[in-house]
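Here the structure comes first, spelled out in structure tokens, and everything after it is commentary.
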Amino acid sequence: MLNIKNLYTAATQGTDQFKRNETIRLWVDIAFDHPTDNKTITTTDKIISSDKCDMFFNKCIYYDDQITAGNMTTQHVKNTLRKILRDEFNIK
């Protein structure tokens with residue numbers, strides 16, 4: 001009998017919080033054109049610790065769907081997310 005042990009747990013692979021944080025990190029990275037410094041990490045941390053985290057996450061999902069549907073371009077979404085980061089989180 002062959003036993004295969006799963007190395008991935010819910011904590012490392014599929015929790016809702018992990019998925020939310022990764023989605024936010026991905027879109028922050030895209031919005032800032034993949035910076036080489038730690039701007040993505042510090043911005044993501046600021047968003048995650050904010051009471052507006054779920055709002056930003058939902059906007060990321062919405063705009064991702066808009067790109068997929070062909071209603072918006074990636075550049076348009078990047079500009080929109082930058083505006084949200086400026087207005088809601090005071091991040092420039």
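Read-outs: derived from the displayed coordinates by stated rules, not from any lab. From a predicted model like this one, the values you see are computed outputs, not experimental measurements. Cβ atoms come from the backbone with ideal geometry, glycine included; neighbour counts cover every protein chain shown.
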Residues of the stretch 24-38 with backbone N under 11 Å of the label point set 7 Å from the Cα of Asp45 along Cα→Cβ are 38
Local electrostatic count at Ile41 - Lys and Arg +1, Asp and Glu -1, tallied over other residues with Cβ under 11 Å: 0
I'd like the distance between the alpha-carbon centres of the stretch 11-51 and the stretch 70-92, rounded to an integer number of Å. 15 Å
In a shell of Cβ-Cβ distance under 12 Å around Lys52, excluding Lys52 itself, what net charge do Lys and Arg (+1) and Asp and Glu (-1) give? -2
